[in-house]
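Please treat every number below as a calculation from the coordinates, not as lab data. Every value quoted in this text rests on a predicted model; they were computed, and no experiment measured them. In this analysis, Cβ positions are derived from the backbone assuming ideal geometry, glycine residues included, and neighbour counts consider all displayed protein chains.
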Amino acid sequence: MQSSVSVKDLSLNFGSVQVLKSLNLDVKQGEFIVLLGPSGCGKSTLLNCIAGLLDVSEGQIFIGGKNVTWAEPKDRGIGMVFQSYALYPQMTVEKNLSFGLRVAGMKRDEIDSRVKRASEILQIEPLLQRKPANLSGGQRQRVAIGRALVRDVDVFLFDEPLSNLDAKLRSDLRVEIKRLHQRLKNTMIYVTHDQIEALTLADRIAIMKNGEIQQLSDPHTIYNKPVNLYVAGFIGSPSMNFLNGTLAGGAEPAFTTDDGVVVPVGRYVFDKAPTGSAKAVLGVRPEHIVLGDAAKDLPFSTEVEIEIVEPMGSDTLAWTKIGNHAVTFRADSDVHLTVGQKVLVGFDPARGSLFDTASTNRL
Amino acid sequence: MTTNAEASGPRPRSFFTPTRIVIYGIIIVAALYYLLPLYVMITTSLKGLPEIRIGNIFAPPLEVTFEPWVKAWTSACTGLTCNGLAPGFWNSVKITLPSTIVSVFIAAVSGYSLVNWRFKGSEFFFTVLLLGSFIPYQVMLYPLVMITAQMKIFGTLWAVILIHTIFGMPILTLLFRNYFASLPQELFKAARVDGAGFWRIFFQIMVPMSLPIFAVAIILQVTGIWNDFLFGVVFAGTQNYPMTVQLNNIVNSVQGVREYNVNMAATILTAAVPLIVYFVSGKWFVRGIAAGAVKG
């Protein structure tokens with residue numbers, strides 16, 4: 001399949017600070033890509049480079065097969081939605097939607113039909129004559145999406161579009177964006193720091209840190225097979241439990257934590273089978289830890305004491321210790337846990353992740 | 001700690017607390033102090049000369065006469081001619097209007113490009129511009145006389161207009177730059193994605209959002225230029241003296257009788273334009289200054 005947006009060896013320097021480091025990204029036609037990372041990781045910068053709002057220091061950008069590295073934003077075939085909505089305050093919603101088309105000198109009836117179509121899709125027809133100041137946050141963001149929609153472009157760029165909304169609206173609009181993508185089948189590149197948004201919306205997620213893409217994969221792979229410690233710790237809330245120790249290779253590989261707890265990891269599928277013995281980190285997601293009798297059948301189980309209980313409604317989060325390592329696990333909300341209670345927990349290391357301590361990469 | 005079992009709703013407060021009495025006392029005294037000269041000027045300008053000679057400057061006029069006002073406007077002697085302040089008023093209008101319009105426009109465009117279209121050396125350019133606002137005008141007076149003489153506009157309205165436009169630049173550009181910097185950058189980015197260019201973004205997006213700061217800039221320039229004496233007396237030439245220079249010539253004339261009532265009327269007439277501007281625009285002024293001052 002032809003790639004819709006393609007970034008080749010892109011670097012961007014602000015003075016001596018390297019914000020993007022020789023970055024490569026290929027986005028397929030109709031794909032929903034989420035750039036995810038903490039603030040300052042360069043994700044918004046990358047989006048601005050793709051939009052043409054920032055000049056790159058090195059490398060090339062292709063959109064729809066054309067080299068647009070030096071092209072003006074309007075000539076790139078993109079529409080963009082901003083975090084602060086960026087609606088022109090003195091114009092009505094209709095004028096906001098049609099501004100770009102009027103700049104391009106489009107015919108009146110063509111403008112009207114495009115505005116009509118976009119406002120139907122986004123259900124903002126009753127708002128067309130209002131000013132942005134008289135709209136709610138969700139309505140404003142819908143208009144901002146509409147402004148990208150009327151441009152009839154192949155690529156949509158979203159720069160943290162939901163971050164200014166409250167939690168309820170955020171999840172409503174998230175579904176709406178997903179629905180919009182399924183209906184329009186445009187390529188979408190979406191920047192966010194919210195991992196729930198990333199996991200729910202993306203076809204593929206690019207996790208960024210310090211101007212580099214750490215891992216580019218579908219949400220399931222990102223969540224279950226993170227390529228390094230950074231990705232493993234960043235994705236997932238509550239975050240993955242990490243046990244430091246030593247991994248002994250061979251026919252029956254075994255992991256021994258620093259404080260002497262032995263975890264057999266025979267069923268773990270190694271990317272690269274260990275040969276000798278080396279320092280390693282075992283990561284286990286809280287929901288992969290099983291409580292009670294079911295734990296007995298798993299390759300690893302142990303008795304622990306409950307230290308803190310956090311009921312979350314849908315489930316309950318319990319804090320405990322395996323050896324000296326703090327560990328959290330999820331339990332069904334109907335299971336009654338009390339502080340100080342001794343319980344049996346276990347997990348299957350095959351569902352966990354092993355990382356090399358030195359390189360932090362997945363084993 | 002004392003508690004009242006019946007307490008409910010807003011706490012009762014008496015109006016005449018000691019704090020209030022002190023605050024209002026100070027405010028009233030300060031207001032009277034500043035209004036007193038104005039009162040003296042108005043009453044004196046409405047008196048005839050014999051009544052002034054009696055010497056009761058705080059007394060209201062016994063016989064109200066508008067003669068001094070008419071004289072100040074039409075026939076008081078400003079140097080060799082005796083046409084009153086009217087020609088000076090029109091000269092001031094001819095100087096203030098173009099200087100204000102040109103300087104505000106250029107400063108708005110500079111401020112906008114300094115914030116949104118950063119070019120190589122734009123920060124340096126801005127620093128140089130700022131330094132300009134710290135240098136006293138008098139230092140540059142003689143070089144400017146030479147330059148305008150070379151340009152063959154010395155002694156004309158054009159010279160004063162040019163000088164006012166140049167000297168308005170530093171402070172006005174700073175004002176506009178700070179205001180535009182406080183507008184969300186994303187608006188500018190959105191307009192660029194929509195395909196708007198330099199001038200379209202300026203006129204259709206930025207200007208409509210910046211009316212308060214335009215009001216402030218216009219007020220600053222109108223009052224500043226109207227009140228200017230130095231540039232007017234140096235660059236305008238005798239024919240084009242602004243109102244302030246002519247007022248000085250009336251008040252400081254050394255021949256004949258000192259007509260205090262005419263002097264007072266002439267002064268009030270000259271001060272009337274800035275006063276009216278402040279009264280009409282006070283609300284805008286405060287709002288705009290606050291808006292422009294937030295971000296540096």
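Computed values, structure above
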| read-out | value |
| --- | --- |
| Taking the C-alpha atoms of segment A:1-66, convex hull volume expressed per residue in Å³ | 82 |
| Given charges at beta-carbon only (K, R positive; D, E negative), |dipole| of chain A in Debye | 1400 |
| Relative counts (whole %) of C-alpha pair distances in the protein assembly as shown, using bins that are 10 Å wide | 3, 11, 15, 15, 14, 13, 11, 7, 5, 3, 2, 0, 0 |
| Contact order normalised by residue count of chain B, Cα under 8 Å, 6+ apart, percent | 28 |
| Footprinting exposure proxy for B:Val222, B:Val207, A:Val17 (fewest neighbouring C-beta atoms within 10 Å first) | A:Val17, B:Val207, B:Val222 |
| Unit Cα scatterers, Debye sum, segment B:1-105: log10 I(q)/I(0) for q = 0.14, 0.22 Å⁻¹ | -0.86, -1.12 |
| Dipole of the protein assembly as shown [Lys/Arg +1, Asp/Glu -1 at C-beta], most positive-end residue of A:Pro299, B:Ser210, A:Ile121 | B:Ser210 |
| Among B:Leu269, B:Ser113, B:Ile171 the positive-end extreme of the charge dipole of chain B (Cβ point charges) | B:Ser113 |
| Averaged over B:195-201, number of beta-carbon atoms from partner chains that fall within 10 Å | 4 |
| Cα-based shape type of chain B, given that a ≥ b ≥ c are square roots of the gyration tensor eigenvalues and the cut on a/c is 1.5 | oblate |
| Low-density loop cleavage sites - chymotrypsin sites (Phe, Trp or Tyr not before Pro) in segment A:92-195, where at most 15 other Cβ are within 10 Å (DSSP) | none |
| Kirkwood-type radius of segment A:1-153, with distances r between different C-alpha atoms, in Å | 17.0 |
| Sum of -39500 (n - 2.57) over DSSP H runs of 4+, divided by residues of the protein assembly as shown (222 nm, nearest 500) | -14000 deg cm²/dmol |
| Ranked list, fewest to most other Cβ atoms within 10 Å of each Cβ, for A:Leu127, B:Leu275 | B:Leu275, A:Leu127 |
| Euclidean distance between Cα centres, segment B:1-72 to segment B:138-173, Å | 42 |
| Within the protein assembly as shown: Cβ-based charge dipole about Cα centre, in debye rounded to nearest 20 (Lys, Arg +1; Asp, Glu -1) | 2000 |
| Net charge dipole size for chain B [Lys, Arg +1 and Asp, Glu -1 on Cβ; Debye, nearest 20] | 640 |
| A:Lys185-B:Phe203 FRET efficiency (beta carbon distance; Förster radius 41 Å; 0.05 resolution) | 0.65 |
| Förster radius 56 Å - calculated FRET efficiency between A:Thr357 and A:Leu337, Cβ distance, rounded to 0.05 | 0.95 |
| Residue list for segment A:144-163, given a label point 7 angstrom along the Cα-to-Cβ vector of A:Ala71 and an amide N cut-off under 13 Å | A:153-156 |
| Histogram of C-alpha separations across chain A, 10 Å bin width, % | 5, 21, 25, 21, 15, 9, 3, 0 |
| Mean-position separation - Cα centroids, segment A:1-34 and segment A:225-267, in angstrom | 32 |
| Helix A:137-149 axis, angle to chain A major axis (alpha carbon atoms, nearest 10°) | 70 |
| Label-point separation, A:Val175 to A:Leu344 (7 Å along Cα→Cβ), nm | 4.1 |
| Averaged over A:91-104, number of beta-carbon atoms from partner chains that fall within 10 Å | 3 |
| Environment charge of A:Lys28, counting only residues whose C-beta is closer than 14 Å and scoring Lys/Arg +1, Asp/Glu -1 | -3 |
| Length-normalised contact order of chain A in % [C-alpha pairs under 8 Å, at least 6 apart] | 15 |
| Chain lengthening between B:Phe66 and B:Cys82 when straightened (0.36 nm per residue, less Cα-Cα) | 3.9 nm |
| Longest exposed-site-free window of chain A, the sites being trypsin sites (Lys or Arg not before Pro) in a DSSP loop that have at most 14 other C-beta atoms within 10 Å | A:1-106 |
| DSSP-assigned coil residues among trypsin sites (Lys or Arg not before Pro) in segment B:38-133, each with at most 11 further Cβ atoms within 10 Å | B:Arg118, B:Lys120 |
| When each of A:Lys225/A:Lys272; A:Lys74/A:Lys178; A:Lys168/A:Lys209; A:Lys43/A:Lys272; A:Lys28/B:Lys189; A:Lys28/A:Lys185 is checked by Cα-Cα distance, pairs over 19 Å | A:Lys74/A:Lys178; A:Lys168/A:Lys209; A:Lys43/A:Lys272; A:Lys28/B:Lys189 |
| Ranked list, fewest to most other Cβ atoms within 10 Å of each Cβ, for B:Glu63, B:Glu186, A:Glu72 | B:Glu63, A:Glu72, B:Glu186 |
